[in-house]
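Below you'll find the structure, written out as structure tokens, and then a few comments.
The values are calculated or read from the model by the stated rules, or taken from the named source; none is laboratory data. Keep in mind the model is a prediction, meaning the values are calculated, not measured. FYI the Cβ positions are ideal-geometry reconstructions off the backbone, even for glycines, and counts take in every protein chain you see. These accessible areas exclude ligands, DNA and RNA; they are computed on the full protein's heavy atoms, side chains included. Shrake-Rupley method; radii C 1.70, N 1.55, O 1.52, S 1.80 Å.
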Amino acid sequence: AQKVTQAQTEISVVEKEDVTLDCVYETRDTTYYLFWYKQPPSGELVFLIRRNSFDEQNEISGRYSWNFQKSTSSFNFTITASQVVDSAVYFCALSENWGSGAGSYQLTFGKGTKLSVIP
Amino acid sequence: DGGITQSPKYLFRKEGQNVTLSCEQNLNHDAMYWYRQDPGQGLRLIYYSQIVNDFQKGDIAEGYSVSREKKESFPLTVTSAQKNPTAFYLCASSITGMNTEAFFGQGTRLTVV
């Protein structure tokens, strides 16, 4: 079963529009972390945000905001007043205990959402 | 500057050959990872290592091998047993622990010719 679902494969918006990228996750752990990464055309993934399972406060960073809701297992990402430089593939990821060894954690990624911002 | 360096950026391989992708980090991170990225598939974990001289298989380890002889280095060998090796490969590292973000290299694009 897919642990991180990003249902939107591709999204196109016109510059200055707001856009929300959806992420739904699945885990049995009570302690886990959620992440968002951005992958520009250069290929390197860039870390955007981390959220732990005990902190449901929304977070805003400039034009970016994140809405975490445990009740619906969602961690959605909104870009306000989008810009062409926001064009990229965005990945949601889940970090949970994996394996029997201490410190055995791994990141499980969704399949990504490709965002195109049209001038 | 601290970071992760992957080399080469582009790699071509003939069928039946083994190739090794390099990954070096100077962030003093204990954990290192290899991911494979295919169009529309997201990132899938190949191998990971939490500490020197120890590594674990990820979701798609068949046809791949790794070593972790030094903290800074985590090379990935794509063997001839890997039936469909053409892909984009990303190496990452992190401080051990689930709450730490991973830092990624710029990737190696491997093409079988």
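Annotations
- Count of region B:67-88 residues which are open to solvent by less than 20 Å² (accessible area, probe 1.4 Å) and either polar (S, T, N, Q) or in contact with a Pro (Cβ under 8 Å, 6 or more places away or on another chain) (or both): 2
- Residue A:27 meets the conditions (1) open to solvent by 60 Å² or more (accessible area, probe 1.4 Å); (2) within 16 Å of the chain's Cα centre (by Cα) in every case but one. The failed one is (1).
- Every residue from region B:46-66 that is open to solvent by 40 Å² or more (accessible area, probe 1.4 Å) and either without any contact (Cβ under 8 Å) to a residue 12 or more places away in the chain or in a strand (DSSP E or B) (or both): B:51, B:54, B:55, B:56, B:57, B:65
- Any hit, region B:35-45, residues being surrounded by 15 or more Cβ atoms within 10 Å (Cβ to Cβ) and touching a residue at least 60 places away in the same chain (Cβ under 8 Å): yes
- Residues (out of contact with any Ser or Thr (no Cβ under 6 Å at 6 or more places or on another chain) and either facing another protein chain (nearest Cβ under 9 Å) or among the basic types (Lys, Arg) (or both)) located in region B:5-44: B:9, B:13, B:14, B:33, B:35, B:36, B:37, B:40, B:41, B:42, B:43, B:44
- Residues of region B:89-105 include none that is more than 24 Å from residue A:52 (Cβ to Cβ) and open to solvent by 20 Å² or more (accessible area, probe 1.4 Å).
- Qualifying residue in region B:10-17 (condition: open to solvent by 50 Å² or more (accessible area, probe 1.4 Å), within 24 Å of residue A:110 (Cα to Cα) and among the charged types (D, E, K, R)): no
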